[in-house]
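Derivation of every value follows stated rules applied to the coordinates shown; laboratory data play no part. The shown structure was predicted, so the numbers you read here are calculated from the model rather than taken from an experiment. So basically every Cβ, Gly included, is an ideal-geometry build from the backbone, and we count neighbours across all protein chains shown.
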Amino acid sequence: MRWSKGRRLEAYSALLFILPNVLGFAVFTLFPVAASLILAFFNWSPLQGASDFSGTSEFAGLANFWHAVGFHQHVDSSWHANDAFFWQYLGNTVILMAGIPFAIIGSLFIANLLSRKLKGVPLFVTVFFLPSVTSGVATYMIWQILLNPEKGLINAVLLAMGMDAPPQWLHDVSWAKPALIIMGLWSSIGGYNMVLYLASLQSIPQELYESAEIDGAGGFAKFVHITWPMVSPTTFFIFIMSLIGGFQGGFAASYIMTKGGPAGSTTTISYYIYNLAFSNFFEMGYASAVAWILFLITLAVSLINWNVTRKRVHGEVFV
Amino acid sequence: MSGAPDISSDETRPRGKQPGSGRLRTVIVYGILVALGSTMVLPFLWILGAAFKPVGEFADPWKLFPSHPTLDNFRAAWNMVPFARFFLNSLFIAIFVTAGSVLTSALSGYAFARLRFPGRDRIFIGYLATMMVPWSVVMIPNFILLKAFGWLDSYYALTVPALFSAYGTFMLRQFFLGIPKEYEEAAKIDGCGYLRIFWHVILPLSRPALVTLALFTFLGHWNDLMGPLIFINSEDKMTLPLGLERFKGMYSTDWGPLMASTLLMLIPMLILFGIGQKYFTKGIKLAVDKG
Amino acid sequence: MAILLWILLSADAKEHESGPVVLSYMMWGKENEIREMRAKLDEFELQNPGVKIRITHVTGLYQTKLATMLAGGIGPDVFMLHEAMLPALAERKLLLGLDERVASDPDVRLDEFFPQIVESCRYRPQWSNRPLLYRLPTSFIATVVYYNRDQFDAAGVPYPADDWTWEDFREKARRLTIRDAKGAVARFGCWNVGAWLSFLCFMWQNGGECFDKNDMLVIGKPQYLDRNVEALQFCADLTFVDKVQPNVAMQESLPHNPFESGKTAMFLTGTWHTNQMKDFTAFRWAMAPLPGRGGRATVITCGGSVINNQTKHPREAWLLLKFFTSDKEQQAILLNARGLPAKMSVARQWKQHIQGFQPDCRMEVAFDSLRFARPQPRGRQVSPLLDIQIANEREKIMTGTTGRDGIREALVRLQQTYDTACPYCNPLK
C-alpha cells in the first residue's frame, strides 16, 4: 500500500460519510435511471401479464431514438421530421428558458439591496420569499386568473394605462410563452436563489470591502471586483440548476395553466414525455427515449457551461 | 400584511450612523424594495381576500377584499375533505424527510468537499448527472421497485426514497467548499477525528446553508403532488396537496374552498420560514453591527 | 442483481388469501359521487356475500395513476375509464373482452339495450379481426342543446323545433345575445360550439367526415374538405363574426356554470349536464336536439366500467358489471341523470322516474337523438401524434389564430401531416 496511514483513514472515514447517501442513491435513483435507459430500447408498455419488466415487448434498438430526432423522405421526395412535435417542443423549452439570466440578475440585485444596513430587512426577505412559499399549484391558478384577458388584473391595469388591445396572454399562441416567462420571473426572483445569494453575500469577509474603500473604490467597482467574483460559485450553482430545471421544467405550470396550449405553444419536452407515458398513450419506451435525449442535451449544455465558466469562477468550485 | 407603514416609520426614524450622503440612496433603495415587494405580495393578498369571499364576489378583478367576508369557504374545505388528517400526514412526512435528507446530504457533501478518496469525483459526477434525468421516466421503475419492497400505500414510499438527495449533496458540497480550511486545520491539530470536525466545526459554520436546504426540502415535500398520487391509495395516508386537487372537479372548480385551504396550507411554511429567517438575517445583522 | 431477484420473488408472493374476495374498484368523482357509489356497492355486497369491494378514489390525474398501477401490475380489478383512453388500453390487451362472458351468461341479453350504445361499447383493436365488447352498456351521453326557456320567452324567440337548422340556431343565438352600451356582451346566445365533439357533429351534419371506416383520417380529403370547412367555419363564425358565443378568454373569466348563472341562453353539451340541472329551479329549461343541415347527427359516449385483463377475480368482476346494468341501477341512473340508461325498457319509463325534474324539460330529445347518433370515432386515439395535431388545429381555429380563411389550410395541413407521417419508423402507430 503506497498510501500513508492518514490517507487510508481519510478514505475509510469518507466511505462512512457517503455510505448512507450513496446506498440510498444507488437503490432509489441509479436503479430506476438504469431501468429507464433499458426501457428506451424497447417498445415497452404495460402488457398483459407483465407485473414487472418480465413482460417487455419487442426490442426496438435505436428506433425510438431515431423516431424522435430523425427525418424521413416521403414518396413525393419532400423531407419530414419523424416527430415534428419533438422539435417544436424542444424549441418551446429553450424559449421558455429566456427568463433565466433575468432571474439570476434580479435575485442578485435584490439580495444585494437586502444585505444593506437597513431596517425592515427581515420583513422584505419574507415578502420576496412569499411567491416561492405558496404552493406551486396555487400560484399557477392565481396567475391564470391574473392573466385572464377579460377579467384579469393585469389587463385591467394595461387598459387603465391607455393600452387599446392588451394581449390575450395564455390564449394567444405568441403571448402564452411570454406570460409564462413573466410568471416564472415573479416566482423565482425572490425565491431560493435570492436566499442562496443572501447566504453567499454574508459570507464575504467585510474586510475586503473595507480595504477596497480605503483604496477609494465606489459601489460599482466594489460590486465588480469583490461581490461578483465572491458570489460566483453561487451564481454557477444557480445557473446550472436553472438550466437543468429549465430543460426539465414546464410541466406543472403548463399543465395547470394552459394544458400545453394554445396549439402546443407552451408544451415543453417534459410535458411531452408525460403525455406520451401517462396521458392516453402509455408509450413508455418512446417516452424514455425522449427523456434520455433530453438528458443528453442537458448534460451537453451543462458540460459546455462548466468548461466555459470554470476558469472565471472564484475558488475551487468543481473537482 | 402590507409592509408600507412599518417601512416609512423606519425610514423617518433618525438613524444613528447614517452618513448624510447615503440618505438619498436609502430612500431609493426603499423605493425599489417597496415597489418590487408589493408586486410580490399582491397575488398573495389576492388569495387572502379570495379565501374570505362569498360565492358571488369572485368575478371583479379590482376587488381585492370581500365586502361581505365569510368563513364559509373554510367550513366547506374542512367538511369536504378530512383536512386535519391530510394536514398531519403532510406535516409528518415533510418534517421526517427534511431532517433525514439534510443529515445524509451534509455527511456526503462533507466527504465530497473535503475528504480524499478513490473515485470521489467520478461518483460526484454521477450524482450531478442523475439530477438531469427527467422525473417522469423514473416514476415507473420507482413504482415497481417500491412495489417489490411492499411499500406501496405506506409512509415508507413517501419518506425513505426521499432521504437521499443528490441536490442536497450538491448544494452543501458547494457551500462546504467555501468554508476556509484553517478552521479544520486548527481542529485537526487539536486531534479531532473527521466526525468531530464535521459535527463541531463544519455544521455550526454552515447553519445558513443547512437552514436553506431544510427549507427547500420541506417546501418540496410539503407541496409534492406526484408522489402521493402515485404511491398512496388509502384516504388515511393522503396528503394535503392531493386534497386540494379534490376541489377541482372534472368540469368546474370550487374556488372558495380551494383558496381557503391554500391559505391554511401556507401557514406551516410561513412559520418555518419565520424560524429559518433568523439564520438568513443573523449574518446580515452581524454585518450591519460591524459596519 | 439482488434487487431484480427480489422483484421476481415478490411478484407472486401474495397468492394464497382466504376469506372474502376483495375486488378493487377505481373511480373519479366528487365526494358525493363517492358516497353514492359506496351505497351502491354496499348493496352489491349484500346481494353477493363473499365479495367485498374496496374503492380507490383518485382525485385529478386519473390517467397517471391508472397507468402507473397497470404498469406496476397492481391495476384495479374494475375501473372507470375515459372513452379517450379505451383504445390505448385495449390495444395493449389490458382490458378484458366481454364477448365470451355475454355468450355464456343467460342473464345478459344485449338486445335489451339500445343497439347504438352496444355498438359504442365495442372496439376493434389492431390485433383483432372483429370488434370486441369492452363495456357492458350501462349509461350513455348524447350531445344536445340545453336552452333557457325563460330567456327565450322574454326575448320573444320561439323554442327550437325538433327539425331546426343551423340557420335557425344562429338566428336564435343572435336574438338572444344581449350587449351593453359599450358593446360588451352581457349574455351570450350560445356556448361550447367550439368543442371537439361539437365540431365532429357539425361536420357530420353537413355530410362531412373525419375518419373513414378503418379509422383513417379523411378530414382534409377532397371529397369531404369543402363540407368540413363549411361546418367548422359555421362554428368559428358564431364566436368571431356573429359574436354570439364567447371566445376562450371570455369563457375562462365567466363563472364555471355559465348556463345556470344565465350567462348563455343555449348550451351545447352532453346529457350528463342534466345532473347539474335536475334540482335547478331558478329558471325553466329544456333540451333540444342538435340543429341539422341536410343531415342530422349527434355523438354518443358509452358509460360503464371496464375489467382489468389481469384481474384474479374475473367472475366477481363480471358480477359487478352485471349489477350496474340491473333494472334498479338503471333506474338510479335516470334519477341522478349523470348519464342516460342504456336499457330500452327502463328508458321507456323515464317519465315515471324523474318526477321532481322540471316536467317539460323534454328528456325524450336525448333518446330520440339516438336515431341519428354515432359513436365517437376511435381513429384519433390510436396515434398520439394525430391526437395532438387535431387538438392543436382545433385550438388554432377557436383562438382565432387561423383566421376565417385559415380553416381550410388547417384541415389540409392536418391531412398532409397525417399522410406524410413516416410509415415505417413510427413506433406509435
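For the reader, a short list of remarks on this structure follows.
- Prolate/oblate/rounded label for region A:176-282 (Cα gyration tensor, a/c 1.5): prolate
- For B:102-110, mean number of other protein chain Cβ atoms within 10 Å: 4
- R0 of 25 Å, Cβ-Cβ distance C:ASP162-C:PHE240: FRET efficiency to nearest 0.05: 0.30
- Here is what passes the span test in chain C: the DSSP H helices with alpha carbon length of 18 Å or more along the helix axis and a Kyte-Doolittle mean of -0.5 or above are C:222-240, C:384-398.
- Nearest-20 debye value, the protein assembly as shown charge dipole, Cβ charges on Lys, Arg, Asp, Glu: 2320 debye
- Charge tally in the Cβ shell below 9 Å around C:ARG284, where Lys, Arg are +1 and Asp, Glu are -1, C:ARG284 excluded: -2
- Remark: A:ILE269, A:ILE304, B:ILE123 ranked as A:ILE304, B:ILE123, A:ILE269, counting other beta-carbon atoms within 10 Å and listing the fewest first.
- For region A:222-227, 3J(HN,Hα) per residue [Karplus equation, 6.51 cos²θ - 1.76 cosθ + 1.60, θ = phi - 60°, Hz, x = Gly/Pro]: 4, 5, 5, 8, 10, 4
- Candidates C:VAL144, C:VAL306, C:VAL102, ranked by Gaussian network fluctuation over chain C, Cα under 10 Å, top entry: C:VAL102
- Average beta carbon contacts from partner chains per residue of C:72-84, 10 Å cutoff: 3
- FRET efficiency, 1/(1 + (r/R0)^6) with R0 22 Å, evaluated for B:LEU64 and A:MET161 via beta carbons: 0.70
- Which of A:LYS5, C:LYS172 has the fewest Cβ neighbours within 10 Å, and the rest in rising order: A:LYS5, C:LYS172
- Under-5 Å amide H pairs with C:LEU132, H placed in peptide plane, nonlocal only: C:TYR123, C:ARG124
- Residues whose amide H comes within less than 5 Å of that of C:PHE211, counting only those at least five positions distant or on another chain, are C:VAL218 (H built at 1.01 Å from N in the peptide plane).
- DSSP-defined antiparallel bridges as percent of all bridges, chain C, nearest 5: 60 percent
- Oblate is the label for region A:86-310, because a/c, from the alpha-carbon gyration tensor with a ≥ b ≥ c as root eigenvalues, is 1.5 or above and a/b does not exceed b/c.
- Taking Cα centre as origin and charging only the Cβ of basic (Lys, Arg, +1) and acidic (Asp, Glu, -1) residues, the dipole magnitude of chain C rounds to 340 debye.
- Most mobile listed residue (C:ASP226, C:ASP153, C:ASP237) in chain C, GNM with C-alpha springs under 10 Å: C:ASP153
- FRET efficiency for the pair A:ALA221 and B:SER38, taken as 1/(1 + (r/R0)^6) with r the Cβ-Cβ distance and R0 = 41 Å, rounds to 0.80.
- Here the Karplus curve 6.51 cos²θ - 1.76 cosθ + 1.60, taken at θ = phi - 60°, turns the phi angles of region C:141-151 into couplings of 10, 10, 7, 9, 10, 8, 9, 8, 4, 4, 5 Hz, with x standing for Gly and Pro.
- Shielding value for A:249-258 is 1, the average number of Cβ atoms from other chains within 10 Å of each residue's Cβ.
- All Cα pairs of the protein assembly as shown, percent lying beyond 42 Å: 44 percent
- Taking the DSSP beta bridges with both ends in the protein assembly as shown, the antiparallel portion is around 65 percent.
- Pairs exceeding a 24 Å alpha-carbon distance, out of A:LYS151/C:LYS263; C:LYS221/C:LYS396; A:LYS259/C:LYS213; C:LYS30/C:LYS278; A:LYS259/C:LYS182; A:LYS259/C:LYS93: A:LYS259/C:LYS213; A:LYS259/C:LYS182; A:LYS259/C:LYS93.
- Region B:81-290: C-alpha gyration tensor shape, a/c 1.5 cut-off, then a/b vs b/c: oblate
- Listed from fewest to most Cβ neighbours within 10 Å, the set A:PHE65, A:PHE42, A:PHE128 follows the order A:PHE65, A:PHE42, A:PHE128.
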